[in-house]
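Heads up: the structure comes next, in structure tokens.
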Amino acid sequence: MAVTARPALDAQKLRADFPIFEQKIHGKPLAYLDSAASSQKPRQVLDTIREFYETSYANVHRGVYLLSERATEAYEGAREIAREFINAPAAREVIFTRSATESINLVAYAWGLDNLGPGDVVLVTELEHHSNFVPWQYIAKRTGAEFRLLPIDDHGELQLDALGEIDGQVKVVAANLVSNSLGTINPVTKLAAWAHERGAIMVVDAAQGAPHHRVDVQELDCDFLAFSSHKLCGPSGVGALWGRAELLERMAPFNLGGHMIRSVKAEETTWGELPYKFEAGTMPIAETVGFGAAMNYVSAAGVEAIAEYESELAAYALERLAEVGGVLTYGPPPERRAGIVSFNVEGIHPHDVAQVLDSEGVAIRAGHHCCQPLMKRLGVAATNRASFYLYTVPDEIDRLTEGLHKARKILG
């Protein structure tokens, strides 16, 4: 076997925690290679959510009765888990949102509208998911700021030497920790240092990074960091934003309504303390509790062990894809990428490739992966993408390769 997991991470054993793998797809075992889009959920997370609904559900912070106190304890417990997961200095700097996308929009609107203007520069990278591209493009246009792109090289890695060509008053640098399309692991610490030298803020999209790599906001030295639950073995509908307290305190609220207020009068409304100033209305309570359980599950498996294992899987996948013939892969070498492999099969549209693979029980993603500017840079409309996680086993990559042989035979 070409891939061997460290003793700290036994993918086959972890796989048994995920009920979805007990079924067959088109009569074949499920090979799920689309974790970059969304991860599967272990029993430990599913059981936590079910138990919470069955025994402890009530609205949080708003009741003096036992159920509400239980719900509040579980909800705030998830906040402390998130703080520890990313090594944030304080739990009050962790804001729960409905997704990483909402987290980034919160910063773009609540910080950007009050701090950007003509003459300012917003810098994002060519690798960005639309969630860390479109909000900044939109806010830059609204405020009159200039929107600029940091380019990549032919290996899908950032051209840091191009930073020297960026002129103007840079106010925002926004980059993902890991590219959701190519798996590129970005030098965020270097970007943050460059940003801070110019008085800019560093905004990190860690939706693809946090589930697979150790995240330490103090080590990254960023100013804001967004991540989501659904890519981290947790439920959809909840995400998190970390921000420096001194920045969050100066920012206007993003959503307005119940819970986020201190006092409401006809003459004036004042805002609550952090983090509640940014958590308007009834939050996704059970989902947040499940998010906490998911972070605990991933931490117990070992985030660094996951990263090392996925690097091995990426190397193995690139090796096997090279055997197929007519397959073009994109992105950096395995040692500088996460467990993501994007590729195209010569003469066959990605959607056709994905449909043939589905008939073999192999699930991959085909499309632009919410990265249309990146696709333009690569000179393609779409790619196939196989992505791995802690439950991926080498046999699934073997089945991917066999499916590609079949696709070439049928469609090539």
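The values are calculated or read from the model by the stated rules, or taken from the named source; none is laboratory data. Source: prediction; values computed, not measured. Note that we place each Cβ from the backbone using ideal geometry, even for glycine, and neighbour counts take in every protein chain shown. Calculation scope for accessible area: heavy atoms of the full protein, side chains included, ligands and nucleic acids excluded. Shrake-Rupley method; radii C 1.70, N 1.55, O 1.52, S 1.80 Å.
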Review point. If Lys and Arg each add +1 and Asp and Glu each add -1, what is the summed charge of the other residues whose beta carbon sits under 12 Å from the beta carbon of residue 122?
Key: +1
Check your understanding: In cubic angstrom, how much convex hull volume per residue do the alpha carbon atoms of segment 47-300 span?
Key -> 120
Practice item. Go through segment 325-366 and name the GluC sites (Glu not before Pro) that are in a DSSP coil and have 12 or fewer other Cβ atoms within 10 Å of their Cβ. Key: 346
Exercise for review: Work out how much length residue 43 to residue 351 would gain on full extension: take 0.36 nm times their residue separation and subtract the Cα-Cα distance, in nm to one decimal.
Suggested key: 107.7 nm
Revision key, fill the gap. Length gained, residue 155-residue 167, 0.36 nm per residue minus C-alpha separation, equals 1.8 nm
Check your understanding: Per-residue ellipticity at 222 nm for the chain, helices alone: DSSP H runs ≥ 4 residues times -39500 (n - 2.57), over residue total, nearest 500 deg cm²/dmol?
Key -> -11500 deg cm²/dmol
Check your understanding: Check residue 184: other-chain or 5+ apart residues with amide H under 5 Å from its amide H, H built from backbone geometry?
Key -> 179, 338
Practice item. Counting only DSSP beta bridges with both residues in the chain, tell me the antiparallel percent, nearest 5. Key: 60
Practice item. With a/c under 1.5 counting as rounded, go ahead and sort segment 1-120 into rounded, prolate or oblate using the C-alpha gyration tensor (a ≥ b ≥ c being the square roots of the eigenvalues; past the cut-off, prolate if a/b is larger than b/c, else oblate). Key: oblate
Review point. Per the 1.4 Å probe, what fraction of the accessible area of segment 47-300, in percent, lies on carbon and sulfur atoms?
Key: 49
Review point. Modelled label-to-label distance, residue 76 and residue 26, 7 Å Cα→beta-carbon offset: nm?
Key: 5.1
Exercise for review: Report the label-to-label distance for residue 328 and residue 214 in nanometres (one decimal), using points 7 Å from each Cα along the Cα→Cβ vector.
Suggested key: 3.8
Review point. Any idea of the accessible area per residue across segment 62-183, 1.4 Å probe, to the nearest Å²?
Key: 39
Review point. What's the center-to-center distance, using Cα atoms, between segment 386-412 and segment 268-318 in Å?
Key: 29
Review point. What are the DSSP H helices in the chain that stretch 27 Å or more along their long axis, judged by alpha-carbon atoms, and whose average Kyte-Doolittle hydropathy comes to at least 1.6?
Key: none
Point to revise | Mean separation of Cα contacts under 8 Å, 6 or more apart, over the residue count of the chain: relative contact order % | key: 23
Check your understanding: Cross-link list 277/376; 231/265; 41/406: which exceed 32 angstrom alpha carbon to alpha carbon?
Key -> 277/376; 231/265
Exercise for review: Using a Förster distance of 41 angstrom, determine the FRET efficiency expected from the C-beta separation of residue 264 and residue 69, and round it to 0.05.
Suggested key: 0.95
Revision key, fill the gap. Checking 189, 288, 383 against a Gaussian network model of the chain (alpha-carbon springs below 10 Å), the top fluctuating residue turns out to be 189
Check your understanding: What's the FRET efficiency of residue 319 with residue 406 using the Cβ-Cβ distance as r and R₀ = 22 Å, to the nearest 0.05?
Key -> 0.70
